[in-house]
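Just below is one structure, and these are the notes that go with it.
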């Protein structure tokens, strides 16, 4: 049985020394410069953009033997897939998934048969973390057939030399598994102001309030002396919230003219809503410590000033001076990607309603037991390990089984 030490949220005594924003950012810029130079040297002779790609650095091609907390088999559901990322199940059990680099939306039957032709082909820029990353079904999909996609856009054929700044959210309409001609509709163009590829975020999730939430990474803007992730008017480093038509909800926390829902987030690759409490949980890919956040309206999660919990003089001063600052719930493993609550008892009744998080770099899946009020982590345990290829998304199917997308395959964890 794979296992790891349980963790609970620590409480810190905070002092309030004189705070210097520029000093804190210079400190982080220095760390980033050393890290980047190292990655550039390590990537000599390989793909030119590899050193800035979350999906290349640290991928566990050989993470060791598969192990799990309960008897499971790692089964290939779709073999030789072309970089699948986001996944969603249709009401009839068909699995939809996005291909990061090609921009194609694909469909797989409940029995595992891949539909030969893609449903849709989006014009993507795919350098670094960019590409077709977001996929969400409309809450009323069974009556309207609406599917929402989020991608880094590139409308220039055969030109992918430079990353694009536009993250585009569109809607298409399906009739069965066929695209309704002419149904492509631009919902919102999200300009994060940076030409740098990477830290795209890019997940799309409908909340229990019927609003569409989108994670936008900092696009590597906050590695130097600037504060974009701290500015609600700039989309980089945010969780954003919009109406289904792309308009801004009047009750957004920073005003009816701003999409921002929460700020100070470096790169929330995926997030999910707790079906019991309706609260939003999002793992964070940090520059140092990675973390699990309870993401709430109007809260500030500290980036680029704070990494992990506030424990340096500068970080504690920022926390003391920022009433909206919110500590992470718990530190977690490296490069969290797919995240979802377990809706059933397929793996055992004791795991129902727990939060599951997959990690790209380690090939492991953790499960989190929440408190009775669903606001903090009571326990964290490793559920599975040894999953190859770099996990991109984790979803529970209508059969209660975990499905995992990786660079080359889609797997599922089958009970024995």
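The values are calculated or read from the model by the stated rules, or taken from the named source; none is laboratory data. Since the structure is predicted, the reported quantities are computational estimates derived from the model, not experimental observations. Don't worry about glycine lacking a Cβ; one is built from the backbone with ideal geometry, like all the others, and counts go over all protein chains shown.
Among the numbered criteria (1) without any contact (Cβ under 8 Å) to a residue 24 or more places away in the chain; (2) under 19 Å from the mean Cα position of the chain (by Cα); (3) closer than 22 Å to residue 261 by Cα, which one does residue 354 miss? Of (1) without any contact (Cβ under 8 Å) to a residue 24 or more places away in the chain; (2) under 19 Å from the mean Cα position of the chain (by Cα); (3) closer than 22 Å to residue 261 by Cα, only one is false for residue 354: (3).
Flag set for residue 175, criterion: surrounded by fewer than 22 Cβ atoms within 10 Å (Cβ to Cβ), out of contact with any strand residue (DSSP E or B) (no Cβ under 6 Å at 6 or more places or on another chain) and modelled with pLDDT of 90 or more.
Residue-wise test of (1) at pLDDT 95 or above; (2) surrounded by fewer than 24 Cβ atoms within 10 Å (Cβ to Cβ); (3) under 24 Å from residue 359 (Cβ atoms).
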residue	(1), (2), (3)
229	no, no, yes
242	yes, yes, no
250	yes, yes, no
267	no, no, yes
293	yes, no, yes
301	yes, no, yes
320	yes, yes, no
323	yes, yes, no
336	yes, no, yes
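Report, by residue number, each residue of the stretch 181-210 that is modelled with pLDDT of 95 or more and more than 20 Å from residue 104 (Cα to Cα). Once the filter is applied, which keeps residues that are modelled with pLDDT of 95 or more and more than 20 Å from residue 104 (Cα to Cα), the stretch 181-210 yields 206, 207, 208, 209, 210.
Inspect all residues belonging to the stretch 107-118 and state whether any of them is free of Cβ contacts under 8 Å to residues at least 12 places away in the same chain, outside any loop (DSSP other than H, G, I, E, B) and over 23 Å from residue 202 (Cβ atoms). The answer is no, given that none of the residues of the stretch 107-118 is free of Cβ contacts under 8 Å to residues at least 12 places away in the same chain, outside any loop (DSSP other than H, G, I, E, B) and over 23 Å from residue 202 (Cβ atoms). Only one of the numbered conditions (1) within 16 Å of the chain's Cα centre (by Cα); (2) at pLDDT below 95; (3) part of a strand (DSSP E or B) is violated by residue 149, and that is (2).
Each residue in the stretch 121-136 was checked for being outside any loop (DSSP other than H, G, I, E, B) and free of Cβ contacts under 8 Å to residues at least 60 places away in the same chain, and 3 pass.
Each row is one residue, and each column tells you yes or no for (1) more than 24 Å from residue 210 (Cα to Cα); (2) part of a loop (DSSP other than H, G, I, E, B); (3) in contact (Cβ under 8 Å) with a residue 40 or more places away in the chain; (4) out of contact with any helix residue (DSSP H, G or I) (no Cβ under 6 Å at 6 or more places or on another chain).
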{"residue": "270", "(1), (2), (3), (4)": "no, yes, yes, yes"}
{"residue": "311", "(1), (2), (3), (4)": "yes, yes, yes, yes"}
{"residue": "314", "(1), (2), (3), (4)": "yes, no, yes, no"}
{"residue": "323", "(1), (2), (3), (4)": "yes, yes, no, yes"}
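Does residue 345 fit the bill of being closer than 30 Å to residue 416 by Cβ and touching a helix residue (DSSP H, G or I) at 6+ places or on another chain (Cβ under 8 Å)? Taking the combined requirement at face value, the residue satisfies it.
Per the listing 135, 105, the residue uniquely under 22 Å from the mean Cα position of the chain (by Cα), buried (at least 22 other Cβ atoms within 10 Å of the Cβ), more than 27 Å from residue 383 (Cα to Cα) and modelled with pLDDT of 95 or more is 105.
Out of 286, 217, one residue alone is modelled with pLDDT under 95, under 17 Å from the mean Cα position of the chain (by Cα) and closer than 19 Å to residue 191 by Cβ. It is 217.
Residue 367 fulfils the conditions (1) touching a helix residue (DSSP H, G or I) at 6+ places or on another chain (Cβ under 7 Å); (2) under 26 Å from residue 387 (Cβ atoms); (3) in a loop (DSSP other than H, G, I, E, B) except for a single criterion, (3).
Taking the numbered list (1) at positive phi; (2) modelled with pLDDT under 75 in turn, residue 165 passes all entries but (1).
Checked against (1) touching a strand residue (DSSP E or B) at 6+ places or on another chain (Cβ under 7 Å); (2) assigned to a loop (DSSP other than H, G, I, E, B); (3) touching a residue at least 40 places away in the same chain (Cβ under 8 Å), residue 307 passes all but a single condition, namely (1).
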